[in-house]
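> Take this structure, written in structure tokens, and hold onto it; I'll ask about it next.
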Amino acid sequence: MQKSILWAAAAGLSLSPAVAEPFSFSVGGYFNSVLYSVDADTGYDDGSKASAAKAFKDISFQEDAEIIFKAKGKTNNGLTVGMQIQLEGATESDQIDEHYIYVSGDFGKLEVGAENSGADKLQIQAPRFAGWKTYDNNFGTWSSVAKYEKPKHDNYSADANKLTYYSPKISGLQAAVSITPSSENKNGAGTDALLAELEGAKTHEDITSLGVRYTGKFGGVRVKASVTTEQGDYIKDGENKGEMEETAYGVSLSSGRFTLGGTHFISDEASAGGNDWEITHLGLAYKWSKATTLGFAVHTQKDTQTNSDADMDTDVTIIGGSTKLGSGVKLTYTHESVESSGALAKDASFTGVGLLLKF
């Protein structure tokens, strides 16, 4: 089934007419740097010597940055075609991050390449109040303390090469479906995607991602809601160990200066040798003034299938905000605390002040 869909999409792309005018190019991105004061003794200990030897620095600069290249053009019959390439601005294993091409029109949008799945991109999450996404932990703080799971669909298909279709928005509703043959190369692979590693390889195959999102307004309340899911076969050492599946429900309510929203995320992985997770991430943002937004977020996760002493439940609390200093520049400030339970549990707190530049 997946092969038939992929061949049909490839045939459709090959029939697209020539671009009617030159492509327009743009460069943008962001740079987020935070100075953290840390109150913790040791990092997350999974029982190994390497993990047990890790300790936190009292003061540390953490960075998250990307440079985003875009191109866009119109075909003779009015279709929009384009591409996007994201370059990591801070050192990462995947120096070139998402990279994909797309075609869009009255039929919707078709994306091909290394990008997050349609389920991931249609998810409704907690509002941003500190400039960055509280549920993402891109600075590696909470995930260094305890076993931390994100309430988002980047576990199975990740940024692996995939085909995604987005429907047009009709009465506030939009749907998406993604097909990912394999996530062995989670960051997109180019020509490296042709061959598979068997010995010691851990990956997912035949991954299907589905999502539906609604956006509307009732009285003075702006409502957003989403139901998203992703499932695929878990492959280890070349053998199919079973199917893994995750589902998320998201909602956001905005009225006046307040936005309340979040996600309830459930994974079913135990049958394939993994753990089942139940995660709730909620946030409240308050626009104090034109320049300043304040808020708090709570993250609660429960490991409902305990396979070893390394498994644990984790609670994260974040309070803080951001203040606009000028065009594209924000001052950010947060206090983040982590509490975990289990044989290898750790607690910690992080107080951070930083600058977020968007260009």
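> Assuming Ser254 fulfils every condition listed in (1) over 21 Å from Glu149 (Cα atoms); (2) crowded, with 22+ Cβ neighbours inside 10 Å; (3) of a type in the set (Ser, Thr, Tyr) apart from one, which condition is it?
In the conditions (1) over 21 Å from Glu149 (Cα atoms); (2) crowded, with 22+ Cβ neighbours inside 10 Å; (3) of a type in the set (Ser, Thr, Tyr), Ser254 misses (2) alone.
> Filter the range 88-102 down to the residues that are outside any loop (DSSP other than H, G, I, E, B), touching a residue at least 40 places away in the same chain (Cβ under 8 Å) and farther than 22 Å from Pro22 by Cα and list them by number.
Answer for the range 88-102, where residues must be outside any loop (DSSP other than H, G, I, E, B), touching a residue at least 40 places away in the same chain (Cβ under 8 Å) and farther than 22 Å from Pro22 by Cα: Ile96, Asp97, Glu98.
> Considering the range 236-248 alone, what residues qualify as being under 13 Å from Pro151 (Cα atoms) and crowded, with 18+ Cβ neighbours inside 10 Å?
Across the range 236-248, the qualifying residues are Glu246, Ala248.
> State whether the residues of the range 206-216 include one that is at pLDDT below 85, surrounded by 13 or more Cβ atoms within 10 Å (Cβ to Cβ) and more than 25 Å from Glu278 (Cβ to Cβ). Write out each step before concluding.
Our first condition is that a residue be at pLDDT below 85; within the range 206-216, this holds for none.
No; the residues of the range 206-216 include none that is at pLDDT below 85, surrounded by 13 or more Cβ atoms within 10 Å (Cβ to Cβ) and more than 25 Å from Glu278 (Cβ to Cβ).
> Also, quick follow-up: Can you find a residue in the range 296-310 that is surrounded by 17 or more Cβ atoms within 10 Å (Cβ to Cβ), touching a Gly at 6+ places or on another chain (Cβ under 9 Å) and among the hydroxyl-bearing types (Ser, Thr, Tyr)?
no
> Let me ask another. Scan Asp39, Asp45 and give me the residue that is among the acidic types (Asp, Glu), crowded, with 16+ Cβ neighbours inside 10 Å, closer than 30 Å to Ser337 by Cβ and modelled with pLDDT under 95. If you could, list the steps in order and put the result at the bottom.
Values: Asp39 fails: crowded, with 16+ Cβ neighbours inside 10 Å.
Asp45 is the lone residue from the list that is among the acidic types (Asp, Glu), crowded, with 16+ Cβ neighbours inside 10 Å, closer than 30 Å to Ser337 by Cβ and modelled with pLDDT under 95.
> Could you check how many residues of the range 80-109 are touching a Ser or Thr at 6+ places or on another chain (Cβ under 7 Å) and surrounded by 19 or more Cβ atoms within 10 Å (Cβ to Cβ)? If you could, list the steps in order and put the result at the bottom.
Taking the range 80-109 first, the residues touching a Ser or Thr at 6+ places or on another chain (Cβ under 7 Å) are 80-81, 103-105, 108.
Add one more test, that the residue is surrounded by 19 or more Cβ atoms within 10 Å (Cβ to Cβ), and what stays is 81, 103.
So the answer is 2.
> Here is a follow-up. For the range 223-233, check the following and say yes or no: at least one residue is farther than 19 Å from Ala158 by Cα and at pLDDT below 95.
no
> Out of all the residues in the range 143-156, is one or more at pLDDT below 90, more than 13 Å from the chain's Cα centre (by Cα), surrounded by fewer than 22 Cβ atoms within 10 Å (Cβ to Cβ) and part of a helix (DSSP H, G or I)?
Scanning the range 143-156 turns up at least one residue that is at pLDDT below 90, more than 13 Å from the chain's Cα centre (by Cα), surrounded by fewer than 22 Cβ atoms within 10 Å (Cβ to Cβ) and part of a helix (DSSP H, G or I).
> Restricting to the range 257-278, what's the tally of residues that are crowded, with 23+ Cβ neighbours inside 10 Å, under 22 Å from Tyr214 (Cβ atoms) and not aromatic (Phe, Trp, Tyr)?
2
> Something else: Taking the range 259-299, which residues are closer than 28 Å to Leu355 by Cα and of a type in the set (Gly, Ala, Ser)?
Residues satisfying the conditions are Gly261, Gly262, Gly283, Ala285, Ser289, Ala291, Gly295, Ala297.
> Quick one: in the range 103-120, which of the residues that are of a type in the set (S, T, N, Q) and outside any strand (DSSP E or B) is nearest to Tyr165 (Cα to Cα)? Walk me through how you get there before you give the answer.
Just the residues of the range 103-120 that are of a type in the set (S, T, N, Q), to begin with: 104, 116-117.
This time we only want the ones that are outside any strand (DSSP E or B), so: 116-117.
On the way: Asn116: 12, Ser117: 10 Å.
For the range 103-120, the residue satisfying everything is Ser117.
Here's the yes/no breakdown for (1) part of a strand (DSSP E or B); (2) modelled with pLDDT of 95 or more:
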| residue | (1), (2) |
| --- | --- |
| Ser252 | yes, yes |
| Thr259 | yes, yes |
| Gly262 | yes, yes |
| Ser267 | yes, no |
| Asn275 | no, no |
| Glu278 | yes, no |
| His281 | yes, yes |
| Leu284 | yes, yes |
| His299 | yes, yes |
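The values are calculated or read from the model by the stated rules, or taken from the named source; none is laboratory data. All values derive from a computational prediction rather than experimental measurement. Using ideal geometry, Cβ is built from the backbone for each residue, glycine included, and neighbour counts are taken over all protein chains shown.
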